[in-house]
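Visitor: Below is the structure I would like to discuss, written out as structure tokens.
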Amino acid sequence: MDLRAIARHFPACSSGELRITPITDGLINATYRVELVGQAQHFILQKINSAIFQSPAAVVRNHNLVNELLAQADYPRALVRQRPTATGLYLLDDANSAWRLLDFVPGAHTLHKADRPATAFEAAKILSEFLFYLNQHPAAEPEETLPGFVDFGKRMRDYQAALGSASPARRQQAAAAIRQVNDHLALPDQWLAWQATGQLPRRLIHGDPKISNVLFDEAGRGLCVIDLDTVMLATLLYDFGDMARSYTNTATEDDAQAASVFDPEMYLAVKQGFRYHLGGLLAPIEAENLDYAAQTVIFIQAVRFLTDYLKGDVYYATRYATQNLDRAQNQLHLLTELRRFLGVH
Ligand code: GN1
Ligand code: MG
């Protein structure tokens with residue numbers, strides 16, 4: 001795959017020397033930084049993983065829809081725009097992979113974990129603001145790009161199926177994690193009951209508000225939110241849970257060895273940040289169930305990593321054989337420490 005040739009299809013990169021370097025943060029799409037040498041200009045080039053996002057067209061259309069909604073609502077932050085090819089919003093290469101070009105936000109960096117409560121607060125506040133502006137147009141409906149993404153019943157069925165068909169070696173290697181997951185199988189039940197009865201307000205959510213999807217400036221202030229691939233109509237409890245999952249973890253997501261992984265002060269900071277812009281919008285069922293949401297989303301993420309380990313690493317990108325198991329163990333450790341802090345066992 002000739003990355004330069006791909007980038008050249010986008011008029012923004014069609015002339016001059018290009019320097020292309022991989023950005024290895026994401027677990028699904030392949031992302032690169034494109035530098036227009038000597039012109040002080042950068043872009044993000046991304047290959048959309050079409051085994052997972054089966055309609056790249058819907059992904060890029062949703063991205064523009066989100067930007068339109070934010071612009072209409074006078075969102076006060078930078079919008080990351082998609083830069084078109086001569087004929088459309090993305091390029092299909094010879095292997096039928098879809099590529100898009102995005103704005104690069106200058107002066108920004110990403111983090112793999114929050115380093116202190118102020119960072120957790122900052123990240124949660126930036127997401128809270130994004131969600132507030134995104135939800136000013138209740139009629140907006142993005143296309144469904146990942147069927148079943150927030151269907152926890154399906155996540156649990158996928159886990160049971162993976163358990164049934166896993167190789168004996170993987171099942172044995174994962175025995176402790178399996179036992180821990182099986183101890184908490186009832187955790188999503190309340191969530192599923194609310195969903196079945198339509199009690200959770202349906203709102204636009206980010207769907208992947210992890211720390212590496214927030215850009216920070218040099219002073220540590222949140223700049224904006226990136227990765228709009230999973231914006232969908234669902235419940236804000238999902239986003240809160242995922243923020244708590246990501247911003248309270250003092251270890252990296254695949255660290256199964258750390259003595260402790262959960263920071264209670266960061267958890268309080270995430271709550272504060274989440275309520276900062278959304279406090280007035282939350283319905284009682286949302287405002288009153290943040291602790292439950294944090295536990296459930298962490299649990300489901302552990303189940304997703306463990307499911308992928310049992311299936312032989314078919315979904316998340318991995319660099320070594322037990323990385324998905326390490327990720328699952330890290331999440332289960334986080335869940336245990338969060339529950340201890342909350343006084344539930
Ligand atoms: C995936 O691809 P990336 O890194 O943005 C995943 C999220 C998980 C996250 C865990 C489409 O996000 O749901 O929470 O990994 N995205 C998809 O790090 O499954
Ligand atoms: Mg993502």
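The values are calculated or read from the model by the stated rules, or taken from the named source; none is laboratory data. Not measured: the values here are computed from a predicted model. Methodologically, a virtual Cβ is constructed for each residue, glycine included, from the backbone with ideal geometry; neighbour enumeration extends over all protein chains shown. When the accessible area is computed, the model is the full protein with side chains, heavy atoms only, and any ligands, DNA or RNA have been set aside. Shrake-Rupley method; radii C 1.70, N 1.55, O 1.52, S 1.80 Å.
Visitor: Assuming Gln54 fulfils every condition listed in (1) more than 15 Å from ligand 2 (Cβ to nearest atom); (2) under 30 Å from Phe149 (Cβ atoms); (3) at pLDDT 95 or above apart from one, which condition is it?
Guide: (3)
Visitor: Of the conditions (1) within 16 Å of ligand 1 (Cβ to nearest atom); (2) among the charged types (D, E, K, R); (3) touching a Lys or Arg at 6+ places or on another chain (Cβ under 7 Å), Lys154 clears all except one; give me its number.
Guide: Every condition holds for Lys154 apart from (3).
Visitor: Still on this model: Considering only the stretch 231-258, how many residues are surrounded by 18 or more Cβ atoms within 10 Å (Cβ to Cβ), within 11 Å of ligand 1 (Cβ to nearest atom) and part of a loop (DSSP other than H, G, I, E, B)?
Guide: Counting residues in the stretch 231-258 that are surrounded by 18 or more Cβ atoms within 10 Å (Cβ to Cβ), within 11 Å of ligand 1 (Cβ to nearest atom) and part of a loop (DSSP other than H, G, I, E, B) gives 2.
Visitor: If Glu253 meets every condition in (1) of a type outside the set (A, V, I, L, M, F, W, C); (2) touching a helix residue (DSSP H, G or I) at 6+ places or on another chain (Cβ under 8 Å); (3) over 19 Å from His112 (Cα atoms) apart from one, which number is that one?
Guide: Here Glu253 meets the rest and fails (3).
Visitor: I need the strands (runs of 3 or more DSSP E) fully contained in the stretch 1-119, keeping only those with at least 2 residues that are buried (at least 18 other Cβ atoms within 10 Å of the Cβ).
Guide: So the answer is 30-36, 41-48, 98-103.
Visitor: If only one of Leu310, Leu306, Leu342, Leu334 is more than 21 Å from the chain's Cα centre (by Cα) and crowded, with 24+ Cβ neighbours inside 10 Å, which one is it?
Guide: Leu310
Visitor: Against the definition (in contact with a strand residue (DSSP E or B) (Cβ under 9 Å, 6 or more places away or on another chain) and small (Gly, Ala, Ser)), how does Ala317 come out, yes or no?
Guide: So Ala317 passes the test.
Visitor: Filter the stretch 259-269 down to the residues that are in contact (Cβ under 8 Å) with a residue 12 or more places away in the chain and assigned to a loop (DSSP other than H, G, I, E, B) and list them by number.
Guide: Once the filter is applied, which keeps residues that are in contact (Cβ under 8 Å) with a residue 12 or more places away in the chain and assigned to a loop (DSSP other than H, G, I, E, B), the stretch 259-269 yields Ser260, Val261, Asp263.
Visitor: Moving to a separate point now. Taking Ala269, is it more than 16 Å from ligand 2 (Cβ to nearest atom), within 30 Å of Pro76 (Cα to Cα) and crowded, with 24+ Cβ neighbours inside 10 Å?
Guide: yes
Visitor: While we're on this one: Based on this model, can you work out whether Leu215 counts as touching an Asp or Glu at 6+ places or on another chain (Cβ under 6 Å) and of a type in the set (A, V, I, L, M, F, W, C)?
Guide: no
Visitor: What residue, of Leu228, Leu215, Leu204, is within 15 Å of ligand 1 (Cβ to nearest atom), open to solvent by less than 30 Å² (accessible area, probe 1.4 Å) and in a strand (DSSP E or B)?
Guide: Leu215
Visitor: Is at least one residue of the stretch 159-175 modelled with pLDDT of 95 or more, in a helix (DSSP H, G or I), within 16 Å of ligand 1 (Cβ to nearest atom) and more than 21 Å from Lys271 (Cβ to Cβ)?
Guide: Scanning the stretch 159-175 turns up at least one residue that is modelled with pLDDT of 95 or more, in a helix (DSSP H, G or I), within 16 Å of ligand 1 (Cβ to nearest atom) and more than 21 Å from Lys271 (Cβ to Cβ).
Visitor: A further question follows. Which count do you get for residues in the stretch 133-172 that are surrounded by fewer than 16 Cβ atoms within 10 Å (Cβ to Cβ) and in contact with a Pro (Cβ under 8 Å, 6 or more places away or on another chain)?
Guide: 1
Visitor: Only one of (1) under 30 Å from Asn135 (Cα atoms); (2) assigned to a helix (DSSP H, G or I) is not met by Gln329, so which one is it?
Guide: Only one criterion is unmet by Gln329, namely (1).
Visitor: I'd like the residue in the stretch 9-44 that is within 16 Å of Ser97 (Cβ to Cβ) and more than 16 Å from ligand 1 (Cβ to nearest atom) and, out of all such residues, is nearest to the chain's Cα centre (by Cα).
Guide: Ile20
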